[in-house]
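Only one structure is covered here, and it is reproduced in the block below.
The values are calculated or read from the model by the stated rules, or taken from the named source; none is laboratory data. Keep in mind that what you see is a predicted model, and the values were worked out from it rather than measured. Reconstructed Cβ throughout: ideal geometry from the backbone, glycine too, with neighbour counts over all protein chains shown. These area figures cover heavy atoms from the full protein model, side chains too; ligands, DNA and RNA do not enter into them. Shrake-Rupley method; radii C 1.70, N 1.55, O 1.52, S 1.80 Å.
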Amino acid sequence: MWTKLAGFILRYRAMIIITLFVLTLGMIYNARNVKLSYEYANMLPEKDTAFLEFQKFKSYFGEDANIMVIAMQDHNFFELEKFNNYLDVCDSVSSIEGVEGILSFAHAFKLQGTRLAKFFETKPQTQEELDSISQLILHQDIYRNLLYNDTSHVYLTMLTINKKILDSPAREALLDEIIELFDMYGADNSQEIIYSGLPFIRTKTSLKIQSELVLFVFLAAFVCALILFLFFRSLKIVFFTMLIVTVAVFWMLGWMGILGYDFTILTALLPPLIIVISVPSSVYFLNKYHHEYALHSNKIKALQRVISKVGNATFLTNSTTALGFATFIITESRILVEFGIVAFLGIMSIFLLTILLIPTIFSYLSPPTQRQVKHLESPVIQGVVKFFIKTALKHRKVVYTIAVLLLLVGVWGITKMESTGYMVDDLPPDDPILTDLQYIETHFNGILPLEIQVQTENKINILRDRDFLQRLLDLNDSLKTYPEISKSLSIADLIRFAWQAHNGGDPQYYTLHNSIDFGFQNKMGRLVRSQDAKIQYAIVDSTNTRFRVKCNVKDVGTIRMKTVETDLRADLDSIFPPDTYTTTITGSSIVFFKGTNYLIKNLFSSLILAIVIIAFFMSSMFQSKRMVFVALLPNLLPLVLTAALMGFFHIPIKPSTILVFSVAFGISVDDTIHFLARYRQELKLTNWNIGKSVVYALRETATSMIYTTVILFFGFRIFVASQFGGTVALGALVSITLLFALFSNILILPSLLLTLEKAITNKSFKEPLLQIFNEEEDIELDELKITQHSDFLDKN
């Protein structure tokens, strides 16, 4: 098969190049639709119970993740000129298109008759007037620890941002306009301004992703090109290899455009990943080309043998790598499914482009010079290879002893592993996004939405059902015992606020109203029926059967959040008996914490699936269960060691780090396949002499294994330059795992083959399902007529 394919590729090279050129133009055309995603990347599957509950909640009460928070600490906040400047800023911000609401000291409401009115309808003209109004607001308990912290003198401004704008590129300009106005206020008043809230966090994070996408593409291209030049000492090889890599990236972007995918925090990693992964495929082809040409100095024969000898193994290695990514599809998480599908298509495209373009392009170029093939005899590389061969032949007991000791250390390290995840823990400790969030958490106990919904079977009369209102207040008191949870807000709080206003603003009346005060009830009834009732419908649905208790929570991590949810569930069941009330704990914070746990669980499943699928591929290749075991063992040990490093260095298991294992395993097994493919070829040539076959296979493949590992190591190391801790961990851990895998495949695998010998190299291994190239199957060069450009054009 591969011999015939080699003949076809070399005969119709012009047609192949033109066809690929047209297809690439089509991929570039489709890639134009790919843009940065501005939507929140949900990690839960759409049929998950927590996800469905959250969607239902939003259908009743609206979006909970569209509040931008601005904070400032000022002990002289109520100086007349400064406060009037603050009023101007708030009025200017509230008039910006896309800002749907504002709640701040400047826009604090009071109950005036049967309507809600602002305390500051106009600017105060004197300091006495400002002091008088501010004292009235400070006496409203509903605002304490909601708009201000009276101990630390920190004041909040909360902006409600339009959801459609948040999910579009327009949000960047909107937030910039808001920030510019408040920064001007801060500069004029020597005041530090703190920004946070999910709209701010997500917008600034997406901008970091966008900038890193460009950075890593150029870094990956530069690092790979530099290493290629250091290995091959040929600008021609560097240029055409990077040309193929560029085409592969365009194809990957084209697949994203065809499938309608946008860049997320994961798919943004794919362009540099495709660059890093595609270069090793080219290295195997080029090394084999140079090796063959050095043997017989026949360019066409060398290219034909490259396809015939390396094609099958390269197909399998690309397939195993692609499958390592494709297993993410089983997670049912949209962000990971998209990542897995695009990575699979991109990596398989790499194989297609490599096997078609390297032979066709280099068939037109002049053959390699003596200087260009000199790298095959590099004394450094040859010295390293000889050391590995000598170790495998004469010191296998040492190899096994070290491997067992490393395994024991690995198991010990695994016992120290921890699992957790924070919403913004991927950012550096000194990043303003993180420090500003922590600042507000210190003064207001968090800004991440935590929502509680209480549902009743029958409609509740909120003015007369004191039992229900008291239960809401009991829940309020219970929430105060959680140091992670901010002040809550429910319909009971609004009624207490109204009762206080009805009694002249006296703080002692911030309690539930007198049920026989029909004047108050009539006033509240008219308020509910008025346009101002919209403030109520944010916490009560139109049927008066669903009630919202709104609060926020600190970014305390998935472990603590699980405890908080469990304890809160017990409190809810105690206050609202399940046989009478239906309570739901939801909100963006809950969806994130459950989504993180869901991904960790399913990513472990995807790793196991990757191992099973790759084992099946090897079984199809070698038709030997024992050989599959021997092939997998050297690739599982590096995963154990990497997991141990995570345990020793307190790198937690979370979605960004659990990705390491599937990705690294899919890539590291490539060296195993190349080595065993060559080993099987050598068995036939040496009349099944296992010792000689291992040595010859190691001599021919070790150079490529070292080259590709060096490229992959430094290629993945570029991600250490990321601002996101998860990306840093991904790059560092994958590169270390691949380094472990090199030593494992180049020492442990040959040692096992030599030790077990005929126990694994049985008849089924000699006759595999997928045939490897036979040296006797060369194309007759006299019969191979290569189609020139003119021949192809004449035929068409």
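At a glance:
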item	result
Built amide H within the under 5 Å cut-off of I102, gap 5+	T160
Cross-link partners of K301 among aspartates and glutamates (Cα-Cα below 17 Å; sequence separation of 8 or more within a chain)	E292, E775, E776, E777, D778, E780, D782, E783
Residue-normalised accessible area of the chain, expressed per residue, 1.4 Å probe, Å²	41
Fully extended contour minus Cα-Cα distance, from R144 to V612, at 0.36 nm per residue	162.7 nm
Once the Cα gyration tensor of the range 220-284 is diagonalised, semi-axes √(5λ) in Å	25, 11, 8
For G587, distant residues with modelled amide H under 5 Å away	E451
Extension reserve of the N298-L207 stretch, reckoned as 0.36 nm per residue once the Cα distance is removed	27.5 nm
Entries in K236/K390; K35/K56; K47/K601 that, when Cα-Cα distance is taken, lie over 26 Å	K236/K390; K35/K56
Under Karplus coefficients 6.51, -1.76 and 1.60, residue-wise ³J(HN,Hα) of the range 466-477 in Hz, glycine/proline x	5, 4, 5, 4, 5, 5, 5, 5, 4, 5, 4, 5
Dipole in debye (nearest 20) - the chain, about Cα centre, beta carbon charges: Lys, Arg +1; Asp, Glu -1	4060
Dipole in debye (nearest 20) - the range 257-408, about Cα centre, beta carbon charges: Lys, Arg +1; Asp, Glu -1	1000
For the range 723-735, 3J(HN,Hα) per residue [Karplus equation, 6.51 cos²θ - 1.76 cosθ + 1.60, θ = phi - 60°, Hz, x = Gly/Pro]	8, 9, x, x, 5, 4, 5, 4, x, 5, 6, 5, 5
Above-threshold pairs, the threshold being 23 Å between Cα atoms, out of K487/K562; K58/K654; K110/K523	K58/K654
Share of Cα-Cα pairs in the chain lying beyond 52 Å, as whole percent	30
Estimated vicinal HN-Hα couplings, Hz - the range 2-8 in sequence order (Karplus 6.51, -1.76, 1.60; Gly, Pro = x)	6, 5, 5, 4, 4, x, 5
Lysines with Cα under 17 Å of K82, excluding same-chain neighbours fewer than 8 positions away	K123
Rg/Rh ratio calculated on Cα atoms of the range 54-195 (Kirkwood radius)	0.98
Estimated FRET transfer efficiency when R0 is 60 angstrom, pair L756-T582 (beta carbons, to 0.05)	0.45
Nonlocal amide H pairs with S419, under 5 Å, H built at 1.01 Å	I653
Gain in span if fully extended, T151 to K118, counting 0.36 nm per residue against the direct Cα distance	9.4 nm
Ellipsoid equivalent to the range 148-277 - semi-axes via the Cα gyration tensor, in Å	44, 19, 11
Cα-based equivalent ellipsoid, the range 310-389: semi-axes from gyration tensor eigenvalues, Å	35, 20, 9
Near-label residues of the range 448-483 by backbone N, under 13 Å of a point 7 Å along Cα→Cβ of S574	474-482
